[in-house]
1. Helix-derived [θ] at 222 nm for the chain: sum -39500 (n - 2.57) over DSSP H runs of at least 4, divide by residue count, nearest 500?
2. Keeping the other protein chains in place, figure out the carbon and sulfur percent of the accessible area of the stretch 195-327, with a 1.4 Å probe.
3. Tell me the Rg and the Dmax, in Å, that the Cα atoms of the chain produce.
4. Starting from the coordinates of the alpha-carbon atoms of the stretch 228-353, obtain the Kirkwood hydrodynamic radius over all distinct pairs and give the value in Å to one decimal.
5. Counting only other residues whose beta carbon sits under 12 Å from that of Glu52, what net charge do I get with K and R as +1, D and E as -1?
6. In the chain, with Lys and Arg counted as +1 and Asp and Glu as -1 at Cβ, which of these residues, Ala211, Leu6, Pro222, has the Cα nearest the positive end of the dipole, that is, farthest along it?
7. So for Tyr119, Tyr5, what's the accessible-area order with a 1.4 Å probe, most first?
8. Sorting Phe173, Phe30, Phe224 by accessible area (1.4 Å probe), largest first, what list results?
Amino acid sequence: MRRIYLDNNATTRVAPEVLEAMLPCYGEVFGNPSSVHGYGQEAKEVLDLAREQVAALLNSEPNEIVFTGGGTESDNLAIRGVMEAAPGTARHLVTSQIEHHAVIHTCQNLEKRGVEVTYLPVGRDGVVEPEQVARAVREDTRLISVMVANNETGTLQPVRRIGEIARERGVVFHSDAVQAAGKIPLDTAELGVDLLTISAHKFHGPKGVGALFVRKGTRLRPLFHGGGHERNRRAGTENVPQIVGLGRAAELAGKSMDRDGERIRELRDWFEQEVQHRIPEISVNGRADSRLCNTSNLRFAGAEAEGLIINLDLAGVACSTGSACSSGAIEPSHVLTAMGLSPAEAFECLRFSLSRDTSREDLARVLDLLPDLVARQREMSSPEKHAYSMIS
């Protein structure tokens, strides 16, 4: 059976060039980069190269790059690190209702410690309005954290304008760019961010490694303690093979982003047009004119998405829903409900996310499958059968 992967916002296939770069670090380049002997210095050289490659992708200085275990750790280091390093009077932070759980759950944890958090709403297009950010900032606000691009809808946020507001008010600004990195240009100077999160496995690098851009002068308390690694930001011997993979993936993304992005956008737009032409009652979630080139979040009215995803998987197609499984209970997407969809409507949405590996033939195969699967699911669906009927 032919298998088609359209869940690239969850993770991407490691590029062959990335794997090739990593392999020597499991063999001949095995030293500890903190060691002064030749083996250690050899490892430090490849570590320094990776830092330069990531810095080039973000238009930053290499010494502003902190390597971490991934996007979640970077978000935690940014948010907790800034708030815990803040003076006693700075006990407020501003974020949005559509952030990744790595941000939202970190903020919720800080609330238990006495930090006040403002969760900004979004409109039907899923965009945070800069004016709302400005109104939310108080004298005791220490941090603003708003993502570059949403992981479910791909909608881009007005990060540059929010950065201007943060600078005007003297507030530290963090942005989760995990979904955006490798897909759109990220210039830390132009965006006005003080901290920026990326994760390798979202742009054809390995899992378990990420980076946090930390602008010079930004006060940050480390999450844990040990040696003085990563300029005292992140203790522990660096994961050299994974970091080398991150660096190579960043280099590849910088070279191919424009070319790949244009091709992927054309495929995505064609796919959405064909789906809406072939199947009635389809809508696209997210802002049409400001969205990641690879992301398509579609609502199939009257069809339960869980059933669709299972049947697509049985046919060899991998995609995802906007739902999250928590403690055995299915919950509607917090992103889609924040955008104004009801729980019932949120349970009718599928996310298709493309990559440089996606072909027109892949999407044509999905288009052949979808009409019958949606029609069948709509026939089977009734209010009492939906999981959301148990949610008040």
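The values are calculated or read from the model by the stated rules, or taken from the named source; none is laboratory data. Bear in mind that the values here come from a model prediction, so they are computed numbers and not experimental data. Here the Cβ positions follow ideal geometry from the backbone for every residue, glycine too, while neighbour counts run over all protein chains shown. Keep in mind that these areas ignore ligands, DNA and RNA; they rest on the heavy atoms of the full protein, side chains included. Shrake-Rupley method; radii C 1.70, N 1.55, O 1.52, S 1.80 Å.
1. Working: 13 runs with 159 residues, N = 392.
-12500 deg cm²/dmol, from helical runs alone.
2. Details: 2540 of 5650 Å².
Within the stretch 195-327, the accessible surface is 45 percent carbon and sulfur.
3. Gyration radius and largest Cα-Cα distance of the chain: 21.6, 69 Å.
4. Details: mean 1/r = 0.0574 Å⁻¹.
Every distinct Cα pair counted, the radius reaches 17.4 Å.
5. Details: positive: Arg51, Arg248; negative: Glu45, Asp48, Glu61, Glu64, Glu251.
In short, -3.
6. Pro222
7. Details: Tyr119 60, Tyr5 90 Å².
Largest to smallest exposure gives the sequence Tyr5, Tyr119.
8. Numbers: Phe173 0, Phe30 130, Phe224 85 Å².
Output order, biggest surface exposure first: Phe30, Phe224, Phe173.
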